[in-house]
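Notes follow the structure.
The values are calculated or read from the model by the stated rules, or taken from the named source; none is laboratory data. Small disclaimer: the values here were computed from a predicted structure and weren't measured. Glycine gets a Cβ as well: all are built from the backbone with ideal geometry, and neighbour counts include every protein chain shown. The accessibility values were calculated without ligands, DNA or RNA, using every heavy atom of the protein model including side chains. Shrake-Rupley method; radii C 1.70, N 1.55, O 1.52, S 1.80 Å.
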Amino acid sequence: MNMLRPERDTQHRQVLVFLLFLCVNDYLSALLCPQEKNNQTARSLCTDLLSVLVDSADWLLIFKPNEQGVYQSVTMVISDEFTRLMPWAFYSLLLQQSTELLHRAVRCPGFLHTAVLCYIRLLQLFLEGDTPTPAVEPPEEQVTEPQLAPSQILKHTKQFLLRVISQMSPAALSSSQLRQLESQCADLDPEVAAALSVHLNPQNSSPEMDFL
(Lines give C-alpha, C1' and ligand atoms only; values in the text may rest on other atoms or scores of the structure.)
Protein backbone atom coordinates (compact mmCIF):
# COMPACT_ATOMS: atom_id res chain seq x y z
CA MET A 1 0.00 0.00 0.00
CA ASN A 2 2.28 2.71 -1.27
CA MET A 3 -0.38 5.35 -0.70
CA LEU A 4 0.09 5.00 3.06
CA ARG A 5 2.92 7.35 3.95
CA PRO A 6 3.19 9.24 7.22
CA GLU A 7 1.84 12.73 6.62
CA ARG A 8 1.41 15.72 8.85
CA ASP A 9 -1.65 16.82 6.95
CA THR A 10 -4.65 16.56 9.28
CA GLN A 11 -7.18 15.76 6.55
CA HIS A 12 -4.97 12.99 5.18
CA ARG A 13 -4.69 11.45 8.65
CA GLN A 14 -8.44 11.67 9.17
CA VAL A 15 -9.08 9.86 5.90
CA LEU A 16 -6.73 7.07 6.99
CA VAL A 17 -8.51 6.81 10.35
CA PHE A 18 -11.84 6.52 8.51
CA LEU A 19 -10.33 3.73 6.41
CA LEU A 20 -9.01 1.99 9.51
CA PHE A 21 -12.45 2.12 11.09
CA LEU A 22 -14.01 0.52 8.01
CA CYS A 23 -11.26 -2.11 7.88
CA VAL A 24 -11.70 -2.93 11.58
CA ASN A 25 -15.39 -3.50 10.94
CA ASP A 26 -14.53 -5.68 7.97
CA TYR A 27 -12.17 -7.62 10.23
CA LEU A 28 -14.92 -8.00 12.82
CA SER A 29 -17.32 -9.22 10.13
CA ALA A 30 -14.75 -11.78 9.03
CA LEU A 31 -14.38 -13.08 12.58
CA LEU A 32 -18.14 -13.36 12.98
CA CYS A 33 -18.78 -14.83 9.53
CA PRO A 34 -15.65 -16.75 8.47
CA GLN A 35 -17.63 -18.54 5.77
CA GLU A 36 -18.10 -15.23 3.94
CA LYS A 37 -14.86 -13.31 4.44
CA ASN A 38 -11.17 -14.02 4.95
CA ASN A 39 -10.06 -12.57 8.27
CA GLN A 40 -6.39 -12.77 7.26
CA THR A 41 -6.95 -10.30 4.42
CA ALA A 42 -8.95 -7.97 6.66
CA ARG A 43 -6.30 -8.13 9.37
CA SER A 44 -3.52 -7.35 6.89
CA LEU A 45 -5.33 -4.19 5.79
CA CYS A 46 -5.75 -3.12 9.41
CA THR A 47 -2.06 -3.73 10.07
CA ASP A 48 -1.02 -1.66 7.05
CA LEU A 49 -3.10 1.26 8.27
CA LEU A 50 -2.01 0.88 11.89
CA SER A 51 1.65 0.95 10.88
CA VAL A 52 1.08 4.49 9.59
CA LEU A 53 -1.37 5.77 12.21
CA VAL A 54 -0.14 4.12 15.40
CA ASP A 55 2.02 7.07 16.52
CA SER A 56 -0.99 9.40 16.43
CA ALA A 57 -3.69 9.28 19.08
CA ASP A 58 -6.42 9.68 16.43
CA TRP A 59 -6.76 5.96 15.71
CA LEU A 60 -7.67 5.29 19.34
CA LEU A 61 -10.77 7.47 19.05
CA ILE A 62 -12.65 4.93 16.93
CA PHE A 63 -12.63 2.63 19.96
CA LYS A 64 -13.89 5.33 22.39
CA PRO A 65 -17.58 5.99 21.60
CA ASN A 66 -17.81 8.96 23.96
CA GLU A 67 -14.77 10.79 22.57
CA GLN A 68 -14.89 10.28 18.81
CA GLY A 69 -15.26 13.92 17.84
CA VAL A 70 -14.77 14.34 14.08
CA TYR A 71 -14.91 10.56 13.60
CA GLN A 72 -18.37 10.16 15.12
CA SER A 73 -20.10 10.54 11.75
CA VAL A 74 -18.46 7.48 10.25
CA THR A 75 -18.97 5.36 13.37
CA MET A 76 -22.72 5.95 13.17
CA VAL A 77 -22.98 3.78 10.06
CA ILE A 78 -22.45 0.51 11.94
CA SER A 79 -24.95 -1.44 14.01
CA ASP A 80 -25.24 -1.25 17.78
CA GLU A 81 -23.96 -4.82 17.95
CA PHE A 82 -20.74 -3.91 16.17
CA THR A 83 -20.34 -0.84 18.37
CA ARG A 84 -20.54 -3.05 21.45
CA LEU A 85 -18.03 -5.49 19.98
CA MET A 86 -15.39 -2.88 19.15
CA PRO A 87 -13.38 -3.60 22.35
CA TRP A 88 -13.26 -7.24 21.31
CA ALA A 89 -12.04 -6.23 17.85
CA PHE A 90 -9.49 -3.86 19.45
CA TYR A 91 -7.75 -6.60 21.42
CA SER A 92 -8.32 -9.43 18.98
CA LEU A 93 -6.53 -7.34 16.36
CA LEU A 94 -3.91 -5.73 18.59
CA LEU A 95 -2.68 -8.97 20.14
CA GLN A 96 -1.81 -10.32 16.68
CA GLN A 97 0.53 -7.44 15.80
CA SER A 98 4.32 -7.54 15.76
CA THR A 99 6.31 -6.68 18.86
CA GLU A 100 7.59 -3.53 17.17
CA LEU A 101 4.10 -2.29 16.31
CA LEU A 102 2.87 -3.05 19.82
CA HIS A 103 5.73 -1.05 21.33
CA ARG A 104 4.81 1.90 19.14
CA ALA A 105 1.13 1.56 20.08
CA VAL A 106 1.90 1.52 23.80
CA ARG A 107 3.90 4.76 23.46
CA CYS A 108 1.00 6.49 21.71
CA PRO A 109 -0.55 9.28 23.82
CA GLY A 110 -3.77 8.07 25.41
CA PHE A 111 -3.13 4.38 24.70
CA LEU A 112 -3.34 3.19 28.31
CA HIS A 113 -6.64 4.97 28.96
CA THR A 114 -8.15 3.43 25.83
CA ALA A 115 -6.69 0.00 26.59
CA VAL A 116 -8.14 -0.12 30.11
CA LEU A 117 -11.55 1.13 28.97
CA CYS A 118 -11.64 -1.49 26.20
CA TYR A 119 -10.63 -4.18 28.70
CA ILE A 120 -13.46 -3.17 31.04
CA ARG A 121 -15.98 -3.31 28.21
CA LEU A 122 -14.52 -6.61 26.97
CA LEU A 123 -14.81 -8.08 30.45
CA GLN A 124 -18.42 -6.92 30.68
CA LEU A 125 -19.17 -8.62 27.35
CA PHE A 126 -17.59 -11.82 28.64
CA LEU A 127 -19.45 -11.75 31.95
CA GLU A 128 -22.74 -11.14 30.14
CA GLY A 129 -22.05 -13.96 27.69
CA ASP A 130 -22.07 -11.61 24.73
CA THR A 131 -18.62 -12.33 23.31
CA PRO A 132 -19.03 -13.47 19.71
CA THR A 133 -18.54 -17.05 18.66
CA PRO A 134 -18.58 -17.82 14.91
CA ALA A 135 -21.44 -20.21 14.21
CA VAL A 136 -20.07 -21.56 10.96
CA GLU A 137 -16.54 -22.69 10.15
CA PRO A 138 -14.84 -21.35 7.00
CA PRO A 139 -14.73 -23.57 3.93
CA GLU A 140 -11.84 -26.04 3.89
CA GLU A 141 -10.28 -24.41 0.84
CA GLN A 142 -10.20 -21.00 2.55
CA VAL A 143 -6.93 -20.48 4.39
CA THR A 144 -7.47 -18.75 7.72
CA GLU A 145 -5.56 -18.56 10.96
CA PRO A 146 -6.92 -20.34 14.06
CA GLN A 147 -9.27 -18.12 16.03
CA LEU A 148 -8.85 -17.71 19.76
CA ALA A 149 -11.80 -18.51 21.99
CA PRO A 150 -13.27 -15.54 23.90
CA SER A 151 -11.79 -16.86 27.18
CA GLN A 152 -8.33 -17.05 25.58
CA ILE A 153 -8.61 -13.51 24.22
CA LEU A 154 -9.63 -12.29 27.68
CA LYS A 155 -6.70 -14.12 29.32
CA HIS A 156 -4.13 -12.77 26.85
CA THR A 157 -5.68 -9.31 27.06
CA LYS A 158 -5.32 -9.19 30.85
CA GLN A 159 -1.71 -10.40 30.69
CA PHE A 160 -0.91 -7.76 28.07
CA LEU A 161 -2.67 -5.00 30.01
CA LEU A 162 -0.96 -5.80 33.30
CA ARG A 163 2.41 -5.79 31.56
CA VAL A 164 1.66 -2.42 29.94
CA ILE A 165 0.51 -0.92 33.25
CA SER A 166 3.71 -2.06 34.98
CA GLN A 167 5.81 -0.30 32.33
CA MET A 168 3.97 3.03 32.37
CA SER A 169 4.88 6.15 34.30
CA PRO A 170 2.27 7.95 36.43
CA ALA A 171 2.14 10.63 33.73
CA ALA A 172 0.36 8.17 31.42
CA LEU A 173 -2.96 8.99 33.13
CA SER A 174 -4.35 12.13 34.67
CA SER A 175 -5.44 11.88 38.29
CA SER A 176 -9.11 11.99 37.23
CA GLN A 177 -8.57 9.24 34.64
CA LEU A 178 -6.79 7.09 37.20
CA ARG A 179 -9.60 7.47 39.73
CA GLN A 180 -12.19 6.71 37.05
CA LEU A 181 -10.44 3.55 35.89
CA GLU A 182 -9.70 2.33 39.43
CA SER A 183 -13.38 2.76 40.30
CA GLN A 184 -14.59 0.93 37.20
CA CYS A 185 -12.14 -1.94 37.70
CA ALA A 186 -12.67 -2.30 41.45
CA ASP A 187 -15.59 -4.73 41.20
CA LEU A 188 -14.97 -6.22 37.76
CA ASP A 189 -11.26 -6.98 38.18
CA PRO A 190 -9.65 -6.00 41.50
CA GLU A 191 -6.25 -7.20 40.26
CA VAL A 192 -6.19 -4.65 37.44
CA ALA A 193 -7.46 -1.96 39.84
CA ALA A 194 -4.62 -2.81 42.23
CA ALA A 195 -2.08 -2.71 39.41
CA LEU A 196 -3.26 0.76 38.41
CA SER A 197 -2.96 1.96 42.00
CA VAL A 198 0.46 0.41 42.63
CA HIS A 199 2.16 1.48 39.41
CA LEU A 200 0.43 4.72 38.46
CA ASN A 201 -0.56 6.44 41.68
CA PRO A 202 2.39 8.72 42.55
CA GLN A 203 1.17 8.94 46.15
CA ASN A 204 1.25 5.20 46.61
CA SER A 205 4.49 4.13 48.23
CA SER A 206 3.63 0.42 48.41
CA PRO A 207 6.22 -1.97 46.96
CA GLU A 208 5.58 -3.07 43.40
CA MET A 209 3.70 -6.30 42.88
CA ASP A 210 4.61 -8.89 40.31
CA PHE A 211 1.43 -9.60 38.33
CA LEU A 212 3.10 -11.35 35.39
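Some notes on this structure:
- Using the average count of surrounding beta-carbon atoms within 10 Å as a protection proxy, the listed peptides 13-26, 97-110, 177-190 rank, highest first, as 13-26, 177-190, 97-110.
- Sum of side-chain charges, L122 neighbourhood, beta-carbon under 13 Å (Lys, Arg +1; Asp, Glu -1): +1
- Put M168, M86 in order of accessible area, highest first, and with a 1.4 Å probe you get M168, M86.
- FRET efficiency for the M168 to L188 pair, using the beta carbon distance and R₀ = 25 Å, is estimated at 0.80.
- For H103, neighbours were defined as the other residues whose beta-carbon sits under 14 Å from its Cβ, and their charges (Lys and Arg +1, Asp and Glu -1) total +1.
- Over all other residues within a Cβ to Cβ distance under 14 Å of P190, the charged ones net out to -3, with Lys and Arg as +1 and Asp and Glu as -1.
- Virtual spin-label span in nm between D130 and Q203, 7 Å along Cα→Cβ: 3.5
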